[in-house]
1. Evaluate E = 1/(1 + (r/R0)^6) for residue 611 and residue 818, where r is the Cβ-Cβ distance and R0 equals 30 Å; express this FRET efficiency to the nearest 0.05.
2. Need one word for the stretch 157-204: rounded, prolate or oblate. Basis is the Cα gyration tensor (sqrt eigenvalues a ≥ b ≥ c); a/c below 1.5 gives rounded, then a/b vs b/c decides.
3. Taking every alpha carbon pair in the stretch 96-187, what does the distance histogram look like in 5 angstrom bins from 0, in percent?
4. If packing is taken as the mean number of other Cβ atoms within 10 Å per residue, what is the order of 548-561, 474-487, highest first?
5. Give me the number: length gained by fully extending residue 359 to residue 227, i.e. 0.36 nm times residue separation minus the C-alpha to C-alpha distance, one decimal in nm.
6. Report, to the nearest whole %, how much of the accessible area of the stretch 94-210 belongs to carbon and sulfur atoms, 1.4 Å probe, protein only.
7. When a/c reaches 1.5 or more, the comparison of a/b and b/c decides; with that in mind, is the stretch 372-450 rounded, prolate or oblate per its Cα gyration tensor?
8. For the stretch 465-497 and the stretch 567-599, what is the separation of their C-alpha centers, rounded to whole Å?
Amino acid sequence: GAAAFVCATQPVHCRSEEMDTRPKVSSLLNRLANYTNLMQGAKEHEEAESIGEKRKSSKSPQMGTFMGVYLPCLQNIFGVILFLRLTWVVGTAGVLQALCIVFICCCCTLLTAISMSAIATNGVVPAGGSYFMISRSLGPEFGGAVGSCFYLGTTFAGSMYILGAIEILLMYIAPSAAIFVSDNPDGEAGAMLNNMRVYGSIFLVLMSLLVFVGVKYVNKLASVFLACVIVSILSIYTGALVSAFSPPSFPVCMLGNRSLSFNGTDAPPVTAAAAQERTTDLWRHFCNSSELSAVCDEYFLHNNVTQIQGIPGLASGVIADNIWSSYSAKGDVLERGSHHSPHRDAVSNHFPYVFADITTSFTLLIGIFFPSVTGIMAGSNRSGDLKDAQRSIPIGTILAILTTSLVYLSCVLLFGSCVEGVVLRDKFGDSVKGNLVVGTLSWPSPWVIVIGSFFSTCGAGLQSLTGAPRLLQAIAKDNIIPFLRVFGHGKANGEPTWALLLTAVLAELGILIASLDLVAPILSMFFLMCYLFVNLACALQTLLRTPNWRPRFSYYHWTLSFLGMTICLALMFISSWYYAIVAMVIAGMIYKYIEYNGAEKEWGDGIRGLSLSAARFALLRLEEGPPHTKNWRPQLLVLLKLDEDAHVKSPRLLTFASQLKAGKGLTIVGTVIPGNFLQTYGEALAAEQVFITRLHLMEKERVKGFVQCIVTQKPREGISHMIQSSGLGGMRHNTVVMGWPDAWRQSEDPQSWKTFINTVRVTTTAHLALLVPKNISLFPSNTEPCTDGFIDVWWIVHDGGMLMLLPFLLRQHKVWRKCSMRIFTVAQMEDNSIQMKKDLATFLYHLRIDAYVEVVEMHDSDISAYTYERTLMMEQRSQMLRQMRLSKSDREKEVSVQRESAAAPHTHTHTHSLHALTPPFISVSSECAGDEDTDGAGDRSAEYRRVHMTWTRDKALQLRSNTQTHTASVCSTPEGFRDMLNIHQSNVRRMHTAVKLNEVIVNKSHDARLVLLNMPGPPKNPEGDENYMEFLEVLTEGLERVLLVRGGGSEVITIYS
């Protein structure tokens, strides 16, 4: 009470010990308040570059939602596809399907943004954005896989933007700049691709140099590029509205309902009749000569040439024609409306028609359009610069997605209701004098959009080339993918030089593909993979209710994340299933690589929570009952001993365990450390580490399992506790493996073999099976397989079929695979050994076990002098030891006990050492099994275990009378008369059986690789413990490798399927 009072008056002193290890609350709060979410050492690159200028005082980042998240997201989402391909998508898919495509893609990104907001607001997000969010919430494996996907996506986005910029440059700004020009129409496409490759590579080099020289220039230009995008989009809206009352003049020439391609030729006459007076360019094209008499193309003769307005305007009702889809195959002629011409034969591409350059379908268009909605991560990627990232990221990103979705949906409607369908489907604007199709709609001039889109694409390309290397650097610095380590280094100011180099190389691969329509689906895949994982992360964390999952952003739900995940997966396979499989294989390989090879990171990820939930679910399912005989497999508890230096005494026990398991089932490695737990807790931890890390022992021996160390005062009790309490629920051991106490005769301390026998007793009581490998050091290691030889089973007592199952399990392992199995069983004089052999063979046949069967006959021969000698030696030795240990009073007590037991002869009726010398055809309870030395009948385990054998009560009595008469005849001789009086008859009988059996076993199995034997039970009376050890020694004498097996009492093998 006094101490408590002192503590109450002076609380600080009482806590001083804890103060050393735990910080004061005030200092902790102070530290948290000063925390900025700038990563340590990651100074702003602009500051780092201005080393020459005087250092700015480091202010905390001050960007708001609008500047820091909304605008960057807008800029990244609006991209090249809007200007170059959206009109074509609307024309090909029709307004309805185009709306559908845009809506699906926007839903996908919106749902992802909701999941991303939840993750971003759950704790402080360091700079590094999406990669950090995923790796910290899903673990390093997923983080690495997704980070790599996101990196590859961003890199290919860079090459897509560059290709878009080149397309604008060569098609619409300066067509004369083309290096490769083809005279033949067939070669035009190839020549164009080569131009793209050359110019694309030049652009890529220039942009990479710009990024290398300094990010600050890229950041300064960003606002200019953004202005270009916004101006371009506004000009489209203005143009559409203006077209309602004064549509711009873009005449399109039609032959029948096929559009003609005119790049600057004169406007042709309106009717074919007028063409009779003088032949025109068209006549030359379609009739192969300028003569009036030339043979002309049939379609040319049957149809008139007309001229229609390319842009009828908003009020014209042209949307009715554009509402349905008109997909075409490669090389088809573009035709007006849904009324196709009657003869759609293959048309020569020498005629001046507009041809479709690729085969289109709904799925292909999704793949091409999807990149125009990516870019939603832009805000979270610069989370380091935001004043309040947790508030800005969700609001900014979701607003940006809603804005862009509205723009896309309204553009689809405007294009469909203002522009003629033929013009929409004309990808490169050949029918409108080579103008950009969006440009024809814009106001005041097509050049606004051409120039604006060129700059915005260049800007987006630069953004990708700055973003991707930083992402790669973040992954490399985390050190989870070892071969990427080199990309973590950079210039002195932290610029990722090597990462930029790799990015440029990968972007060059994209540029060599050279076609925007082929690059777009590739990058869709990688982004979709990334979004899929973001949704997965959010759904998992919500469903598992991880304690740390408490996002500020509360408008999320796991069903939304799940829906987003499903849409991502569906889009991947819809847009191109082969790319989807490739992307998944890449992500899967990275995942596996990190799992096997990566650094051990513990980020408290959600997948660990998933494993825990799954394990708990499985354990609860297992709990439902004991396993069926068919499912029985040894779940091992391996008892190992450590020496003074905490080294394992017999590591071969682990080898043996791994051979028995062949990697399946449960293995618990247990060890008992003597001592007081309060003092030796550290040693216990060290012992666990010995198994797990220092020797990598369990891994070396390929044992998959758990380690358990118990610290107790008495090792014997420790082992007993371990056998009782190891395992959890249905994952409990049913078999104990322990080593034989080797030099037990020589050891001064009887504790080792006493512990051994005690363990045998404990396992018997717990109804567990017991395996004792003798001469364990001679057992083969995992690296030395047996090339031939036998595994011999000596089946003396049937205890659940363990003896049959073990060799079968061992032979599943490569070490024992080449060994054959032999089964020996022992017949008495009066057994029909031929019938026994047949029965046994049938039994094995039904068990589906391949083995050679032999029945060995044991004759009731005379008990030899050798047996007596062994018994006598054993008794004298134990007598001597006992004398040394027992005080006089104890000795007297012992004598009285012996008298009592002699006075009760009926207790000996059923005993006979290993007497169950034959296999399973008569069933009696285990009183007769020779399990106990005395009064076996009343044992609790007798009801539990049903042991099968051919030993009957009559035989026991008969043998007993035989032995007694025989012993009397021996004892009547004067020699050794006095000694014989001291020998216990049961000991002689046991020794006799052991010696005889040992002779038979050595005779048959001296060359076997492994001998499996029934292990007789220990005596009920602890006095006979030493004799029991001696019997086991005699039984196994002269055998190299022995496995003593004791069944757990339940059947472990069945003939039924």
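1. Working: r = 38 Å, r/R0 = 1.27.
Rounded to the nearest 0.05, the efficiency is 0.20.
2. Details: a/c = 2.15, a/b = 1.74, b/c = 1.24.
Since a/c reaches 1.5 and a/b is larger than b/c, the shape of the stretch 157-204 is classed as prolate.
3. Values per bin, smallest distances first: 3, 10, 11, 14, 14, 12, 10, 9, 7, 6, 3, 1, 0.
4. 474-487, 548-561
5. Going from the current span to full extension adds 44.0 nm.
6. It is 72 percent, rounded to a whole number.
7. prolate
8. Comparing the Cα centres of the stretch 465-497 and the stretch 567-599, I get a distance of 22 Å.
The values are calculated or read from the model by the stated rules, or taken from the named source; none is laboratory data. Since the structure is predicted, the reported quantities are computational estimates derived from the model, not experimental observations. Counting neighbours? That spans all protein chains shown, and the Cβs are built from the backbone with ideal geometry, glycine included. For the accessible areas, the whole protein counts, side chains as well, though only heavy atoms, and no ligand, DNA or RNA atoms are used. Shrake-Rupley method; radii C 1.70, N 1.55, O 1.52, S 1.80 Å.
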